[in-house]
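Quick notes on the structure that follows.
The values are calculated or read from the model by the stated rules, or taken from the named source; none is laboratory data. Just so it is clear, the model here is predicted, and its values are computed rather than measured. Cβ sites come from the backbone with ideal geometry, for glycine too, and all protein chains shown count toward neighbours.
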Amino acid sequence: MKKFFIIAIYFFTFVSFICAKNERADLNTSVISETLSKDANAIIRNNEIFFEYISPERGILTEKMEITILNEKGKEHGNFSYPGDKYRTLSDFSGAVYDSQGNLIRKLKKSEIVSSEWSQYLASGDVHYFMNIDPVMYPYTVVYEYAVEYKNGILTFPAFAPQSSPDIAVIKSKYELRVPENTEIDIKVFNAEKLQKAKNEKSIDFYIAEINNRAAIQEETLMPDQSNYIPLILARPVKFIYDKVPGQITDWNSLGSWQYNLWKDRDLLDEPTKQKIKDLTAGTTSDREKIKILYDYLGENTHYQNISLGIGGYQPMLASEVCRIGFGDCKGLTNYLHAMLKVIGIKSNITTIKSSESSKSIFTDYANFTQLNHVILQVPLPDDTLWLESTNTEIPFGFVHNEIAGHHALVLSEKESKICTLPDYPDSLSIDKNVSNISVSADGKATGKTTNFSFAKVYDDFCYIAKEKYSDQLDKMRSMIKLPNADVFGISMKETKSSLPCLAVDMSWNSSMYGTKTGTRLFLPANPLRSGEYNLKKKERKFDIEILDGFRDVDSLHLTIPENFVVEAMPAPVNIKSPFGDFSSSIVAKENNLLIVQNLNISRGYWKASVYPDLLAFFEKVNSTYKGKIIIKPKE
Amino acid sequence: MKRFIFPFFFLFFLPLVIFSQNFSLKFGSVTEDELNMKAYEKDTSAAAVVLYDIGNTYYIYSSDFQVVTENSRKIKILKQEGTKYADVELIYSASDNNSEYINKLEAYTYNLENGKIVKSKVEKNYIFDEKSNKTYHRIKFTFPNVKAGSILEFKYKRTSGRYFDIPDKIMQEDIPIRYISYEILIPEYFIYNIESRGYENIKAKNEIQRQTFTIISNVKGYTVSCSSNKSTYSMTDVPALKDEAYVWNLDDYRSAVRFELNGTKFPNSDYKPYTNTWADIEKLLKENSEFLTNTKKSTSLDEAIKINKTGSNDKDNIQTIFSLIKGKVKWNNEYSLFENEPREAIKKGTGNNAQINSILISTLMKAGYNAYPVLISQRSSGKLPYSYPSIDRLSTFIVGVDGFDGKAYYLDGSSDYGGVNMMPVDLLVERGYIIDDTKTEKWVDLTNLANNREIYIVTGKLDKDGVMKATLNHYLSNEDAFYFKKDFKESKDSAEFIENFETKHDIKISNVNLKGMDMLSADVENTMEFTKNYELAGDYIYINPFIFRDITSNPFTSSERKLPIEFAYPYVYNYTATIQIPENYTISEMPSAVRIVLNDKQGSCLYNIAQNGNSILVNYRFNLKQTIFPHTDYTAIQGFWGQAATKNNEMIVLRKN
């Protein structure tokens, strides 16, 4: 009888966990506070993440989610999605959808889950699980619970990041990590309280964290990186086994050392290849020139493709194999370049780096595998250090490209891996410059010649145009002229691929109506090549301001107006300075020749939200000056 | 006239005779000219060119018919950017019934190194099979040792159990093709409708060939001999297809040959039509949709039937029914041709447009109206074939209703922001097919169902500081109203919507009143009070009287165009402003009135401006009357828009006395 009773308890507890109730009065949406749901498109009512770490080769994740979708924009947050792979498989799933009163609309079954191996790479081992839930009426609540089995390769514990999108508010979200007693783990907490540690009788250590009542975040232009305000907990075991390779990582040095060992002795090339490399570089005694020859050789004979299966995600393909098949990913291609340099006695170091457009730094006090996502090659020379990108040798030799310049990197070594920062370019070097000669006739028609120069970072963003089809180049240059009627009919490009690269584009153009004509007057644009920067909102600012990279927009236009015309009105000179940069505009008229010079300099930096009104005022003046008009009319 | 007969062996040699240089169409044979080639002379900017693509489709029989396609392809990489063509993926379906498989895949890279031809093979362990979802798999591989100058050649064989479904043969890509040929041998048992698409000329040839199959029936095997039709399609120097703005669906213009099964006639059986007439399509639909059978069982909304018909307006009645049904079943963003289980949709509270439409038709019929499906292919799905009825190309249907007033009204379940004759533009196609026995005219043009218009009436007073205080009465009708309501609903909140409006027109709004924003309304009324700042320059104030501009810049900037120009819908944009100028100012200069037309009757732009006492009166009317224009009209369209854009930007000069 007792046995039956115990089984019955188990059964009912189990069933109540898995079976959806017909009514969940607690999910009624009218109880959600206004302040919390303001700005939110979805709100997490309750979220619990449990990770049970049993051994380096076994773990179980269970997550329970109850999320209310408030409107159409939040629809995607109601969908279930889990990125698995060959070491992590979805083992259980159940769920339900409730209406705004908490009445059951329908149940969600494991059989409805779609799994896909789709990947943009050649082969990846990814298995993506998802289920899309169609909304009936807003608001509605999606509830689900699922379990994932981790088998092998537990390099990091599941992260705690309940506010996965800024438009999600959180009422309650709990994180619990269970590890065998005294397991060493490394934790970092952002924008949340520290984890509480507890022990229990069964020799298990518990780490618990909880966040409550977090409002959604309204995104603002030029916000700092999200690690500044989104709650996040990263945790990982210090000792692990990945695809049969054990490791123990306490800091960046030990992580570098582990990776270094995966790369060791994989850089051997066969004799004919070695001879070829020696032959290719025989014509010069300069090390720098030899490196450039091999850098170009790499680009001409290989292409990028990614095969990351198992340890192949961290260990490079053998250099001899990359040489043989002619393709590889960033690890394989870097390994091959490193091997080639080794043949001619040039030492180079494998460097892992964070390649990202939104942030340059990593957490120097917290080492893990997710922060560094790319591999490049450091080549220290007596006067200089080269940082070579093996996946794209079109990048000018010696130029550090935008996705890595100024970024944190880990140079791998057997015992002394160090975090360093790559060189960056001062804002004053990233120039976008226009030099124009324009001639307007009395009927409003104009002909012009413009040369556009892009330097350094501006070059890196724009150089793609040199490889486009001619008709696409024409279209792109035409879009730079902000006139309703204009034709670009001749383009020539000159690319200087030095360590401070530049692209110069000459274009000849004309316009059947340069500006507008009213009666005898002509309203000419002061600068038809600029339309202003940044769409800044006039609201009160909450977040600090961060400009990652500054730049300079430099324009000089020689404008010739018809002989019998005179300037009636033109914009006054402007000279403004702000913490973010400065701007000047001057128009000088000498008979029928006008010289318009406008310079905008923006500096990188970080400022408190309180200076936002200054930022707004600065750009309002810049944008309206660019829109200025010069009015000319015939002499009386 | 004596017919010129082409001997068979000439057909074999003819392709080689076309090229002055030495190119090989034989798999595994790479010539020096091919390896030395530095550019494709007809398009020197091409990063890669397909040297040949040769395909061959035929039927085999083993326990059932199967379709086999063999394809071989040779690509020349001309520039570094072209190396992306080294990545190949072959999609095949592996669902339980009628699955496909790909085999006999061979791929090689050829490079010229120190005068020698070096051949590299794609190895088996570098060929991957990805299960993309329950139905589709992708075979993925990349060629080794690819660089500028490499020749990549591969071939494979695809066998499919779907013998009634021959995929389209695409004959134009985003890189140029030097030579493409496709041969298809179809036994007389299968009758296909075949249609070519695209601007480039596809050479077609047909001939009859005999084929034999061994067919097992009731344990007995016997050989049948049949007459098969061999069609060969070929093209040389096919230019790359470039996407342009204002095109509903680029694939409508891509050179291709399309096949659709018309019917089958097997030995000792009757002819079994699939869909060779619209009556057949109708029959097939009836088998899969309960509303077409119009029985008591078809799902309808009871309360909607009880509306009062006598003495009230058709349009109102129809809309009331529509609104009730939309209230019960929310559209789930999906379109469908077949409406399985509309009852499920009512239970779930959400459904695709076909389910909502079927409930709508049944309910309208029960309420005494003649309602029927109008079959279409959405704009985004491509245009229906012209030469034959096609069920494969249909993507969905909308609802047509005949009012007692004799007018026809159209609706669709996906319309969240409009009632009658207002729906997403994707459904406003030129040809919809009506399934209704009472109608003799079966085709209907849905591109111009209602008068789409946007009217701005501004009354403003300008002061000597260049600040104008004004009121706006803004009216939108039909499609314009639809999209205004949609933008509003999709904005985060009304504050964001207003802010976007302010930024777009550079005004500051102090008061807003919106009317007619409910789903069914075809007329939206937006009343606003706002101010606008103008630049002062000494004694002058310069104002652009166009506060709410229609055309700020000319979107047609390309120098030439190959594809037609397809607009969303015909519309009228009307702008009227009365601006009172400050007391001690006079009008120094004013823009001139103008009348521009597009090709006489397809569009017009009228601009009138006059002084009346101390006010300026502006009246602007832009009318686009046609939706689709051939590419030969591009220059006229470019000029028309350019002139209109100029007028939208012209200034009035006021001078202090």
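A few comments on the model shown:
- Residue count for the range B:57-102 under the criterion of being of a type in the set (Asp, Glu) and either within 29 Å of the chain's Cα centre (by Cα) or within 13 Å of chain A (Cβ to nearest Cβ) (or both): the result is 4.
- Taken over the range A:233-276, residues that are among the aliphatic types (A, V, I, L, M) and surrounded by fewer than 19 Cβ atoms within 10 Å (Cβ to Cβ) amount to 5.
- Whichever residue in the range A:433-456 is more than 27 Å from A:Ile631 (Cα to Cα) and touching a strand residue (DSSP E or B) at 6+ places or on another chain (Cβ under 7 Å) and, among such residues, is surrounded by the most Cβ atoms within 10 Å (Cβ to Cβ): A:Phe455
- Those residues of the range B:344-354 which are farther than 16 Å from B:Met423 by Cβ and not basic (Lys, Arg), in sequence order: B:Glu344, B:Ala345, B:Ile346, B:Gly349, B:Thr350, B:Gly351
- Taken together, A:Val148, A:Val143, A:Val136, A:Val114 contain a single residue that is buried (at least 16 other Cβ atoms within 10 Å of the Cβ), among the aliphatic types (A, V, I, L, M) and within 12 Å of chain B (Cβ to nearest Cβ), which is A:Val136.
- Any hit, the range B:90-107, residues being at positive phi, in a strand (DSSP E or B) and touching a residue at least 40 places away in the same chain (Cβ under 8 Å): yes
- Residue check, A:Gly313 free of Cβ contacts under 8 Å to residues at least 40 places away in the same chain, under 22 Å from A:Lys244 (Cβ atoms), surrounded by fewer than 21 Cβ atoms within 10 Å (Cβ to Cβ) and away from chain B (no Cβ under 11 Å): yes
- Residue that is nearest to B:Val257 (Cα to Cα), among those in the range B:385-412 that are part of a loop (DSSP other than H, G, I, E, B) and among the acidic types (Asp, Glu): B:Asp392
Residues are listed down the side, and each one gets a yes or a no for (1) closer than 21 Å to B:Val49 by Cβ; (2) part of a strand (DSSP E or B); (3) not aromatic (Phe, Trp, Tyr):
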| site | (1), (2), (3) |
| --- | --- |
| B:Leu112 | yes, yes, yes |
| B:Lys119 | yes, yes, yes |
| B:Glu130 | no, yes, yes |
| B:Lys134 | no, no, yes |
| B:Arg138 | no, yes, yes |
| B:Pro144 | yes, no, yes |
| B:Gly149 | yes, no, yes |
| B:Leu152 | yes, yes, yes |
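- Answer from A:Ala409, A:Ala405 - the residue that is outside the structural domain of A:Arg552 (by TED's automatic domain parsing), outside any loop (DSSP other than H, G, I, E, B) and not hydroxyl-bearing (Ser, Thr, Tyr): A:Ala409
- Flag if B:Asn473 is over 30 Å from B:Gly538 (Cα atoms), more than 31 Å from the chain's Cα centre (by Cα) and modelled with pLDDT of 95 or more: yes
- Within the range B:327-362, the set of residues being in a helix (DSSP H, G or I) and surrounded by fewer than 22 Cβ atoms within 10 Å (Cβ to Cβ) comprises B:Gly327, B:Lys328, B:Arg343, B:Glu344, B:Ile346, B:Lys347, B:Lys348.
- B:Glu183 being farther than 23 Å from B:His631 by Cβ and among the charged types (D, E, K, R): yes
- Qualifying positions in the range A:463-487 - among the hydrophobic types (A, V, I, L, M, F, W, C) and either more than 8 Å from chain B (Cβ to nearest Cβ) or part of a helix (DSSP H, G or I) (or both): A:Cys463, A:Ile465, A:Ala466, A:Leu474, A:Met477, A:Met480, A:Ile481
- All told, B:Lys157 meets the bar of being assigned by TED's automatic domain parsing to the domain that holds B:Ala48 and either hydrophobic (A, V, I, L, M, F, W, C) or surrounded by fewer than 19 Cβ atoms within 10 Å (Cβ to Cβ) (or both).
- Cβ-Cβ under 8 Å pairs, at least 6 apart or on other chains, the range A:345-362 side hydroxyl-bearing (Ser, Thr, Tyr), far side modelled with pLDDT under 90: A:Ser358/A:Asp225; A:Ser359/A:Asp225; A:Ser359/A:Ser227
- Residues located in the range B:292-323, provided they are crowded, with 19+ Cβ neighbours inside 10 Å and either within 31 Å of the chain's Cα centre (by Cα) or modelled with pLDDT of 90 or more (or both): B:Leu292, B:Ile318, B:Gln319, B:Ile321, B:Phe322
- Meets criteria (assigned to a helix (DSSP H, G or I), hydroxyl-bearing (Ser, Thr, Tyr), within 24 Å of the chain's Cα centre (by Cα) and surrounded by fewer than 16 Cβ atoms within 10 Å (Cβ to Cβ)) for A:Ser164: no
- Residue within the range A:279-300 that is in the same structural domain as A:Gln378 (by TED's automatic domain parsing), within 26 Å of the chain's Cα centre (by Cα), under 27 Å from A:Lys86 (Cβ atoms) and in contact (Cβ under 8 Å) with a residue 24 or more places away in the chain present: no
Here is a yes/no grid of residues against (1) over 29 Å from B:Val118 (Cα atoms); (2) within 13 Å of chain B (Cβ to nearest Cβ):
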residue	(1), (2)
A:Leu268	no, no
A:Glu271	no, no
A:Leu280	no, yes
A:Thr285	yes, no
A:Ala319	no, no
A:Tyr336	no, yes
A:Ser359	yes, no
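- Inclusion of B:Asn133 among residues that are more than 25 Å from B:Glu260 (Cα to Cα) and out of contact with any strand residue (DSSP E or B) (no Cβ under 7 Å at 6 or more places or on another chain) is not warranted.
- Qualifying residue in the range A:525-538 (condition: part of a strand (DSSP E or B), assigned by TED's automatic domain parsing to the domain that holds A:Tyr459 and free of Cβ contacts under 8 Å to residues at least 60 places away in the same chain): no
- From the list B:Asp539, B:Asp518, the one residue that fits, being among the charged types (D, E, K, R) and within 14 Å of another protein chain (Cβ to nearest Cβ), is B:Asp539.
- Qualifying residue in the range A:342-357 (condition: surrounded by fewer than 24 Cβ atoms within 10 Å (Cβ to Cβ) and assigned to a helix (DSSP H, G or I)): yes
- Some residue of the range B:541-556 being farther than 25 Å from B:Gly642 by Cβ, surrounded by 16 or more Cβ atoms within 10 Å (Cβ to Cβ) and not β-branched (Val, Ile, Thr): no
- So B:Asn145, is it in contact (Cβ under 8 Å) with a residue 24 or more places away in the chain and within 12 Å of chain A (Cβ to nearest Cβ): yes
- Test: A:Asp549 is among the acidic types (Asp, Glu), under 27 Å from the mean Cα position of the chain (by Cα) and under 20 Å from A:Val458 (Cβ atoms): yes
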